1. How many residues are open to solvent by 60 Å² or more (accessible area, probe 1.4 Å) and of a type in the set (A, V, I, L, M, F, W, C) when one looks only at region 288-317?
2. Give me the residue from region 1-52 that is β-branched (Val, Ile, Thr) and farther than 19 Å from SER101 by Cα and, out of that set, modelled with the highest pLDDT.
3. What are the residues in region 307-339 that are touching a helix residue (DSSP H, G or I) at 6+ places or on another chain (Cβ under 8 Å) and assigned to a loop (DSSP other than H, G, I, E, B), if any?
4. Quick one: how many residues across region 318-354 are of a type in the set (D, E, K, R) and surrounded by 19 or more Cβ atoms within 10 Å (Cβ to Cβ)?
5. With the requirement that a residue be part of a strand (DSSP E or B) and exposed (fewer than 15 other Cβ atoms within 10 Å of the Cβ), what does region 97-111 give you?
6. Looking at region 252-261 only, could you name the residues that are in contact (Cβ under 8 Å) with a residue 60 or more places away in the chain and either buried (at least 20 other Cβ atoms within 10 Å of the Cβ) or part of a strand (DSSP E or B) (or both)?
7. What number of residues within region 79-96 satisfy the criterion of being in contact with a helix residue (DSSP H, G or I) (Cβ under 7 Å, 6 or more places away or on another chain), open to solvent by 60 Å² or more (accessible area, probe 1.4 Å) and of a type in the set (A, V, I, L, M)?
8. Sort out which residues of region 319-353 are of a type in the set (D, E, K, R) and modelled with pLDDT under 85, and write them in order of number.
Amino acid sequence: MTAARPTDSAEELLDGAPCGYISTLPDGTISTVTRAFEALTGFAREVLVGRVRLRDLLPVTDRIYHETHYLPLLLSHGAAHEIASNLVRSDGTLVPVFLSSVLVRDDDGEPRSIRTVVFPATDRRLYEQEILRTQRGHEDIALQLQQSLLAGDLPQADEVDLDVGYQPGVTRLEVGGDWYDAFWIEPGVSMALVVGDVVGRGLKAAIAMGQLRSATRAFASTGLDPAGVLRALDRYSIAYGVGEMTTIVYAELTLASRALRYACAGHPPPLLAAPGRVPTYLFEARSMPIASWDTLHRTSASVELEPGATVLLYTDGLVEHPSRSIAAGMEALLQIVGKRAGETPQQLGRAIRDELRTPDYHDDTCLVIAQLEPGS
């Protein structure tokens, strides 16, 4: 008589798997973990389940990549595979991992949960390349449209000096959806500084960029604070089906008070350089990209700028490169700005582009630099 073969239940099979596994709610709150994930992080499941979001276990720079790349890829394709990241262990050390996730939707098509397999990694791989690249075509039309949309005079004021710039990736590839803008909200009183990044490339991305850029100007003119502008863009994007998962940083500079109010929707944080201080990133007021599943938690943050202070807004293409992580790129940007204190926005912009970009850059970059006069 043949002995019955032992079988594992689904729960036992999952919990005993050699790789880590977690399930999270759409907002990232962990709902299920396995023993391997506990061992990988050093956290017991009682500490994690219902109490911690996945992003809380990531270092700051990986959180930005999580928001700007991983989540848009997951929402657009329903899956994201072999995303290189780090996890912060219970003792504060970092462990490199690969994350592979699938998005589970309910019967109405709404996000229900995210299932993620976590593999330890001894070496970091290249980050996922630019997402949702459309087929090549319409290069000349898209480029002309983009150039016409980005053209225009900058606001002029004695209290502040501005410099803006856009650089495409590889010559003759389709243009992307990166854009910058600077305009008066109330002439002579307050101005808006904006950098955004629409998912995709080519003519469709250029058109979406133009629509969102114009919508941002329109919403800013109504007196909304930065968080309010982002919420209005959410409604606009959902209503007209344009620009979903766009990342944007929107800032409002009031000249008399030197107050800078800002909000980031899945976008890299602004950089602030004050005279005599080490440059730093403004990590407050962060939320999900435009028209994502969590648009309720838009917040604004405010900081009072010192005379002579410099603020930089930029797209992730400036700090990300296949041979360099976002963390390394952001650190390099801090170093460049730190050693060039006192330079004009035009000098600083040229130095940043010369030192950070190489001829093999595949991503577009936008940069907005605002510098207060020393006596303003």
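1. Summing the residues that are open to solvent by 60 Å² or more (accessible area, probe 1.4 Å) and of a type in the set (A, V, I, L, M, F, W, C) in region 288-317 gives 2.
2. Checking each candidate, the answer is VAL47.
3. Within region 307-339, VAL319, GLU320, SER325 meet the criteria.
4. Count: 1.
5. Hits for region 97-111 are VAL104, ARG105.
6. GLU252, LEU253, THR254 - these are the residues of region 252-261 that are in contact (Cβ under 8 Å) with a residue 60 or more places away in the chain and either buried (at least 20 other Cβ atoms within 10 Å of the Cβ) or part of a strand (DSSP E or B) (or both).
7. Within region 79-96, residues that are in contact with a helix residue (DSSP H, G or I) (Cβ under 7 Å, 6 or more places away or on another chain), open to solvent by 60 Å² or more (accessible area, probe 1.4 Å) and of a type in the set (A, V, I, L, M) number 0.
8. If the condition is that a residue be of a type in the set (D, E, K, R) and modelled with pLDDT under 85, then GLU320, ARG324 are the ones that fit.
The values are calculated or read from the model by the stated rules, or taken from the named source; none is laboratory data. Fair warning: this is a prediction, and the values are worked out from it, not measured in the lab. Cβ coordinates were reconstructed from backbone atoms using ideal geometry, including for glycine residues, and neighbour counts include every protein chain displayed. Each accessible area value is taken on the protein alone, full model and side chains, heavy atoms only, with ligands, DNA and RNA left out. Shrake-Rupley method; radii C 1.70, N 1.55, O 1.52, S 1.80 Å.
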